[in-house]
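Report on one structure; see the data block that follows.
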Amino acid sequence: MSMQGFNHEKRRKSDKLKDTKDVLVFDVDGTLVDTLPHIYRSYIKAAQKLKLNPISLEYFRDTYTQADKFRKHSSMIGVPEHLITEFNYSVYEYFKQEIKINRPKLIPGVKETLTFLKSKEVDLRILSLDSPENTCYKVGDDMIKLFTEILPHENEKLPALIRLKNQIAGSVFYIGDCVSDGEVAVAAGVNFIGLTSKYSFSSERKMREFILSNLTNSFEVSTPLRIIAVYQVWRGSDGIF
């Protein structure tokens with residue numbers, strides 16, 4: 001067999017190994033669990049520790065982004081450059097304390113949405129920048145078992161989504177609650193479903209602005225249950241529902 005023929009055969013076998021199902025990938029904080037109060041209190045505590053000016057919840061949500069490993073957001077809310085590393089470390093340490101003191105609850109509609117999608121054999125996965133241990137703790141044993149995998153990420157979501165897209169023959173959706181989730185989805189070439197609710201880390205206004213500027217493959221939902229409807233419509237006549 002020629003080298004060209006060998007490579008063709010190798011690609012053919014590799015394609016057969018690809019998962020042909022669609023995959024719905026979920027963020028966690030603000031998407032599955034209500035941790036906006038926890039993270040906001042953590043920001044306030046970190047600001048107090050470093051004697052920085054506190055910010056309002058409204059301003060926190062209007063500026064929130066995970067870009068550059070949260071450094072961009074810290075800079076936007078006025079943290080001096082030389083304090084950003086210490087500030088972000090303090091925020092995360094306070095956040096871990098907050099979720100232990102007051103365990104987060106599932107956002108209304110999440111349980112029903114995940115249970116329904118799983119009953120239709122939809123492949124569900126998680127992509128969150130928190131540790132797998134914290135992710136399992138926040139989501140809870142009953143819900144975490146519905147997911148195929150917590151995607152490895154090395155503190156960056158974009159490479160994780162690109163790797164997944166290359167492994168999947170079907171379509172990939174990323175469901176998140178902040179604009180930076182949408183930005184990485186668009187950059188990875190996957191579909192995005194953005195939640196606009198009082199639980200979301202990004203404000204409703206900021207998320208809608210992003211969705212309107214990326215209408216080709218972005219969708220807005222106000223509750224987790226609407227995810228089902230969006231996916232049904234997208235699947236259309238080829239759907240599994």
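Here's the picture: a label point sits 7 Å out from the Cα of residue 223 along the beta-carbon direction, and within the stretch 86-129 the residues with their amide nitrogen under 12 Å of it are 108-113.
For the stretch 55-82, backbone nitrogen atoms closer than 17 Å to the point 7 Å from residue 158 Cα along Cα-to-C-beta are found at 65-73. Backbone geometry of the stretch 66-74 corresponds, through the Karplus equation with coefficients 6.51, -1.76 and 1.60 at θ = phi - 60°, to 3J(HN,Hα) couplings of 9, 4, 6, 6, 6, 5, 4, 5, 4 Hz, x marking Gly and Pro. Highest mean packing comes first when the peptides 24-35, 215-226 are listed by Cβ atoms within 10 Å, giving 24-35, 215-226. Amide H contacts for residue 23 (H built 1.01 Å from N in the peptide plane; partners 5 or more residues away or on another chain; cut-off under 5 Å): 171, 172, 173.
3J(HN,Hα) along the stretch 154-170: 6, 6, 9, 7, 4, x, 5, 5, 5, 4, 5, 4, 6, 8, 10, 7, x Hz, from the Karplus curve 6.51 cos²θ - 1.76 cosθ + 1.60 with θ = phi - 60°, whole Hz, x for Gly and Pro. In this structure, the residue pairs whose Cα-Cα separation is over 27 Å, taken from 21/206; 45/198; 69/138; 69/165; 49/157; 45/165, are 21/206; 49/157; 45/165.
Here are some values of Rg and Dmax of the Cα atoms in Å: (1) 19.2, 70; (2) 18.3, 54; (3) 17.5, 54. Which one was computed from this structure? The value computed from this structure is option (1). Spatially, the stretch 160-215 and the stretch 91-129 are offset by 17 Å when compared through their Cα centroids.
Computed from backbone phi, the HN-Hα couplings of the stretch 85-98 come to 4, 5, 4, 5, 4, 5, 4, 5, 5, 5, 4, 4, 5, 4 Hz, rounded to whole numbers (Karplus: 6.51 cos²θ - 1.76 cosθ + 1.60, θ = phi - 60°; Gly and Pro given as x). From helices alone, the chain scores -15000 deg cm²/dmol at 222 nm; the rule is -39500 (n - 2.57) for each run of n ≥ 4 DSSP H residues, then divide by the residue total. Counted over the chain, the DSSP beta bridges are approximately 5% antiparallel. Close amide H partners of residue 219, meaning residues 5 or more places away or on another chain with modelled amide H under 5 Å apart, are 192, 193, 194.
A short reminder: the numbers here are calculations on the coordinates, not readings from a lab. All values derive from a computational prediction rather than experimental measurement. In this analysis, Cβ positions are derived from the backbone assuming ideal geometry, glycine residues included, and neighbour counts consider all displayed protein chains.
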